[in-house]
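Contents: one structure, followed by commentary.
Each reported figure results from applying straightforward, stated rules to the coordinates on display, with no laboratory input. Because the structure is predicted, anything quoted here is derived from the model rather than measured. Here the Cβ positions follow ideal geometry from the backbone for every residue, glycine too, while neighbour counts run over all protein chains shown.
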Amino acid sequence: MSGREAILGKIRSQVGADQDPATRRTTVADRLAKAPRGIIPKRGQLDPRAQLKLFCDRAEAVQTTTTVVKDYSQVAEAVSDYLRSRNLPQAVRMGTDPRLEGADWSKAPNLTRDVGPSDGSDPVGLSHATAGVAETGTLVLTSGSDNPTTVNFLPENHIIVIDAADIKGDYESALDQVRSMAGKGLMPRTVNMITGPSRSGDIEQTILLGAHGPRSLHVIVVEG
Amino acid sequence: MKITTPEFKENAVKALANDNLQKALGNVEKGFIGKRQAAADALPEFEALRDKARDIKDHTLAHLDLYLKAYEEKVVESGGHVHWAQTAEDARNIVLDICRTANAKTVTKGKSMISEEMGINEFLEEKGIQPIETDLGEYIIQLRGEAPSHIIAPAVHVLKEQVEADFREEHDHLPEGRNLDEPETLLDEARTVLRQKFIDADVGITGANFLVAETGTSIIVTNEGNGDLTQTLPRVHIVLASIEKIAPTLEDVSQILRVLARSATGQDMSVYTTFSTGPRREGDVDGPEEYHVVLLDNGRTNMIGTEFQDMLRCIRCGACMNHCPVYHAVGGHAYGWVYPGPMGAVLTPSLKGVEDGGNLPNASTFCGRCEAVCPMRIPLPKMMRHWREREFEKNLNPAVQRWGLKTWAWFAQRPRLYQLGARVAMRGLSIMGGKKGRLAKMPLGSGWTKYRDMPAPEGETFQAQWAAHKGRAK
């Protein structure tokens, strides 16, 4: 504990914390409790239809591909069609998300679904997003057995399903959605905000896709 | 890491004569400046967000003790461990203890400048634990036995032909005739080689872009996904972070995220922004079983409450060095320690002392581009000036320079004498310049005339011209 006390003590003396300790404590407690919002870019503050369009446009601007389907009965076909269009095997690795399990998989009879975390041998991962952010085409995924984190990073191709109603204008609203899962001040173990497929510019500043994470990212938006 | 900042001048001379480096440095301007401008222009709220980001950090630093305690409480609540390290040595020992308890043989690493500051790689190797850098740029420089030359593009000084040579030497288990002509094939090879290392590692070490007091969360912002594999696959995740990485709430983080990637790479948002809170939960099928955070001071508390506090707002985007004419000319290694460019010129003397770091604040033209692009509005030139003052107060600069400054100050305090002296010197130099109007040699100015001629002054002194101008204006 000596390091802790020394560091905190030094900060206290440098900022002059003894002058009005009560006000300082209230200020901090207040800020943590209220979490006031700052400047929200106007770009994403649109009606749901325009927000969905902005989300798809921004996602495509960073090399994500998108498909919009009417409801969950069309998800299996959309997955299967995408795999075929990319010459990928009809097989996905996924978690136990009930929204994905409940999709009508009989419509894609040749598709194999492996459930559980990825060990790196799966060509394609399938996840369900908790939220999306229109302002930058970002997807928000939360960890758990329903959507294991390894599925987001190990397979070379990643397909993410999202409900149109979960697409928000800004990060703050999307993170509020995350907060609502466990409560204020609590977080799922891992929250991944994903904006496009993996990339690197480390060799002569040439941007290349597929550094360590997926080379391709495909989003299926369910309007339902 | 051995500091060579006292040899900055020699380093710079070598850098200027290094053709490969000069070719590679061309990529800095090409790769960053236009992209940042386009991203900033595309967001009307960008300038207002910079103000907001500055205010958030100022508020946080003014209450840093309380936010750190709130953060610690939430980490512990979520099942994680917080370790406090006053010095780099303390931090190294904490990391070693965790690795030994985990029986670690190999450790994968996400990109982290704080780990460079701590010198963790050399230390772990000495103790028989193998650290493996997994960011492509960091991996390349680890193979080359070099330090990063840029805080977000560590291998920006390396050409692809050099990467090819390094890979052929290191990956000698792969076929000799394989094609490594393009960045694509180099990336593929690194991806394949590193994939197995991710899976085999016992401990994963990452840095943190933010620590959130509200939730006890650490956040990394990356493009490759290596940081995520580093922290998801091994049994133990260690986060290395300096104390000023704290942000109060998720709302505050959202504000700063909007200026971070735009300022760094010109992206609206980096590919992966990952929030980690504690270890694996009940029912989880992946993720680390242990989650440790090492909070490092290493001299930062000395900056709080001083004229250097603003530097602690830095979010390590690299925009200042991307826009710095001195960095463009000599690259990052010449700076001689972990942090190059304008931010390094302020931070190095702050953390290592002006005795060792004093050369860096002098290596600036004060053109002001760094401050103009800094997303956190850090007054970098002003702080470099403060370091020059400290250096002067401590009698650290060369005698000739001190004597020159004192002489100038003596004259400057006697305006009539100063004006007379300036007139006489100007006439003299003008005559010496002859018909060409250039001086190949100049008294006390050999440092300049050794490399180029000095243009001889023409016409009247500035003060005479100013007086005439005011006369006309009336």
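Put in order of Cβ neighbour count within 10 Å, fewest first, the listed residues B:L64, A:L209, A:L139 become A:L209, B:L64, A:L139. Normalising the Debye intensity of segment B:43-296 to I(0), with uniform scatterers on Cα atoms only, and taking log10 at q = 0.10 Å⁻¹ returns -0.51. The residues neighbouring B:F210, those whose beta-carbon lies less than 14 Å from its own, together hold a net charge of +2 under the Lys/Arg +1, Asp/Glu -1 convention.
Taking every residue in A:22-31, how many Cβ atoms of other protein chains lie within 10 Å of its Cβ, on average? For this peptide, the per-residue mean of nearby foreign Cβ atoms is 4.
Placing R0 at 35 angstrom, the Cβ-Cβ distance between A:D20 and A:K42 gives a FRET efficiency of 0.40 after rounding to 0.05. Computed from Cα atoms, the angle from the helix B:64-77 axis to the main principal axis of chain B rounds to 20 degrees. Across chain A, the relative contact order, built from alpha-carbon pairs under 8 Å that are at least six residues apart, equals 23 percent. Residues B:K436, B:K160, B:K69, ranked from the fewest to the most other C-beta atoms within 10 Å, line up as B:K436, B:K69, B:K160. Which residues in segment B:132-163 place their backbone N less than 17 Å from a point set 7 Å from the Cα of B:E182 along the Cα-to-Cβ direction? Flagged as within label range: B:160-161.
Under the criterion of Cα pairs below 8 Å and six or more residues apart, the relative contact order for segment B:411-473 equals 29 percent. Beta bridges per DSSP, both residues in the protein assembly as shown: antiparallel share near 30 percent. Spin-label model, A:R49 to B:C367: label points 7 Å out along the Cα-to-beta-carbon direction sit 5.0 nm apart.
For the charge dipole of the protein assembly as shown, defined by +1 on Lys and Arg C-beta atoms and -1 on Asp and Glu C-beta atoms about the Cα centroid, which residue among B:A208, B:P379, A:A103 has the Cα displaced farthest towards the positive pole? The listed residue farthest towards the positive side: B:P379. Residue exposure proxy: B:S446, B:S263, ordered by other Cβ atoms within 10 angstrom of their Cβ from fewest to most, comes out as B:S446, B:S263.
With 30 Å as the limit, the listed pairs A:K53/B:K30; B:K69/B:K394; B:K74/B:K352; B:K35/B:K382 have A:K53/B:K30; B:K69/B:K394; B:K74/B:K352 beyond it between alpha carbons. Each of B:Q86, B:M113, B:H63 was placed along the dipole of segment B:43-296 (beta-carbon charges, centred on the mean Cα), and the one lying farthest toward the positive end is B:H63.
For the protein assembly as shown, report the % of Cα-Cα distances exceeding 32 Å. That tail contains 54 percent of the Cα-Cα pairs. Here chain A is scanned for trypsin sites (Lys or Arg not before Pro) in DSSP loops (not H, G, I, E, B) that have at most 16 other Cβ atoms within 10 Å, and the longest stretch holding none of them is A:87-183. So what is the relative contact order for chain B, in percent, with contacts set as C-alpha pairs under 8 Å and at least six apart? In percent, rounded to a whole number, it is 20.
Take the convex hull of the alpha carbons in chain B; its mean projected area over all directions comes to 27.9 nm².
If R0 is taken as 45 Å, the Cβ-Cβ distance between A:A29 and B:K441 corresponds to a FRET efficiency of 0.05.
Taking every DSSP beta bridge that has both ends in chain B, the antiparallel portion is near 30%. Electrostatic tally near A:G132: other residues with Cβ closer than 15 Å to its Cβ, Lys and Arg +1, Asp and Glu -1, net -4.
Axis of helix B:250-264 versus longest Cα principal axis of chain B: the two differ by about 60°, to the nearest ten degrees.
Multiplying the residue separation of A:D119 and A:Y72 by 0.36 nm and subtracting their alpha-carbon distance yields 14.2 nm.
Taking a Cβ cut-off of under 14 Å around B:K450, the surrounding Lys, Arg, Asp and Glu residues balance to a net charge of +2, with basic ones at +1 and acidic ones at -1.
Averaged over peptide B:277-285, the number of partner chain Cβ atoms lying within 10 Å of each residue's Cβ comes to 6.
For the protein assembly as shown, a simple Cβ point-charge model (Lys and Arg +1, Asp and Glu -1, everything else neutral) yields a dipole of about 3960 debye relative to the Cα centre. Per-residue shielding of B:17-27, expressed as the average number of other chain Cβ atoms within 10 Å of the residue Cβ, stands at 1. Between the listed residues A:L8, A:P48, A:I220, the Cα displaced farthest toward the positive end of the dipole of chain A, a dipole computed from Cβ unit charges relative to the Cα centre, is found at A:L8.
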